[in-house]
1. Can you name the condition, by its number, that residue 138 falls short on among (1) farther than 16 Å from residue 1 by Cβ; (2) at pLDDT 95 or above; (3) loosely packed, with under 14 Cβ neighbours inside 10 Å?
2. Residues of segment 1-45 being assigned to a helix (DSSP H, G or I), in contact (Cβ under 8 Å) with a residue 12 or more places away in the chain and over 18 Å from residue 69 (Cβ atoms), which ones?
3. Are any of the residues in segment 103-121 surrounded by fewer than 20 Cβ atoms within 10 Å (Cβ to Cβ) and in contact with a strand residue (DSSP E or B) (Cβ under 8 Å, 6 or more places away or on another chain)?
4. Please enumerate the residues belonging to segment 60-94 that are within 14 Å of the chain's Cα centre (by Cα), more than 18 Å from residue 48 (Cα to Cα) and in a loop (DSSP other than H, G, I, E, B).
5. Looking at (1) out of contact with any helix residue (DSSP H, G or I) (no Cβ under 6 Å at 6 or more places or on another chain); (2) not in a helix (DSSP H, G or I), find the lone condition where residue 97 falls short.
6. Filter segment 47-75 down to residues that are touching a strand residue (DSSP E or B) at 6+ places or on another chain (Cβ under 6 Å) and buried (at least 20 other Cβ atoms within 10 Å of the Cβ), then give me how many there are.
7. In segment 46-56, what residues are in contact with a helix residue (DSSP H, G or I) (Cβ under 7 Å, 6 or more places away or on another chain) and touching a residue at least 12 places away in the same chain (Cβ under 8 Å)?
């Protein structure tokens, strides 16, 4: 099974959307294997968003991500990164399809509720930024035999 990184951003935490996000991913059949609520330290914010460091919007993104607690998660399932990204929806909520997390719950690109890894490689990198191997748990969901062939 594949793993991916998902983070409910400060706006999503402040709006009480953690349960909604978790519920949607669990209903799909993904298994949460790690989670933590915390304010991200500057060093990890810089590493998380390293591809954006030189972009003009980065200072406001950094300020926003450091402004409140985030809910960090690792999810496991087949094609986890690609499927979770579809559930999350387009980065710009105005372009996100109805039924996606951003399409249903977000209004502005700068407050788009959630981050999800965009590829398996990004997922591996982001999981390693926020979780140690010892923090990832292994277990069986009771419905796994009916989720996969």
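1. Of everything listed in (1) farther than 16 Å from residue 1 by Cβ; (2) at pLDDT 95 or above; (3) loosely packed, with under 14 Cβ neighbours inside 10 Å, residue 138 misses just condition (1).
2. Scanning segment 1-45 gives 24, 25, 28.
3. At the first step, the residues of segment 103-121 found to be surrounded by fewer than 20 Cβ atoms within 10 Å (Cβ to Cβ) are 103-104, 107-111, 118-121.
Imposing the further condition that a residue be in contact with a strand residue (DSSP E or B) (Cβ under 8 Å, 6 or more places away or on another chain) reduces the set to 120.
Taking every residue of segment 103-121 in turn, at least one turns out to be surrounded by fewer than 20 Cβ atoms within 10 Å (Cβ to Cβ) and in contact with a strand residue (DSSP E or B) (Cβ under 8 Å, 6 or more places away or on another chain).
4. 89, 90 - these are the residues of segment 60-94 that are within 14 Å of the chain's Cα centre (by Cα), more than 18 Å from residue 48 (Cα to Cα) and in a loop (DSSP other than H, G, I, E, B).
5. Going through (1) out of contact with any helix residue (DSSP H, G or I) (no Cβ under 6 Å at 6 or more places or on another chain); (2) not in a helix (DSSP H, G or I) one by one, residue 97 breaks only (1).
6. Qualifying residue count, segment 47-75: 6.
7. Hits for segment 46-56 are 47, 48, 49.
Residues are listed down the side, and each one gets a yes or a no for (1) touching a strand residue (DSSP E or B) at 6+ places or on another chain (Cβ under 9 Å); (2) under 19 Å from residue 10 (Cα atoms); (3) at pLDDT below 95:
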{"residue": "80", "(1), (2), (3)": "yes, no, no"}
{"residue": "88", "(1), (2), (3)": "yes, yes, no"}
{"residue": "98", "(1), (2), (3)": "no, no, no"}
{"residue": "134", "(1), (2), (3)": "no, no, no"}
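The values are calculated or read from the model by the stated rules, or taken from the named source; none is laboratory data. Not measured: the values here are computed from a predicted model. All Cβ positions, glycine included, derive from the backbone under ideal geometry; neighbour counts span all protein chains shown.
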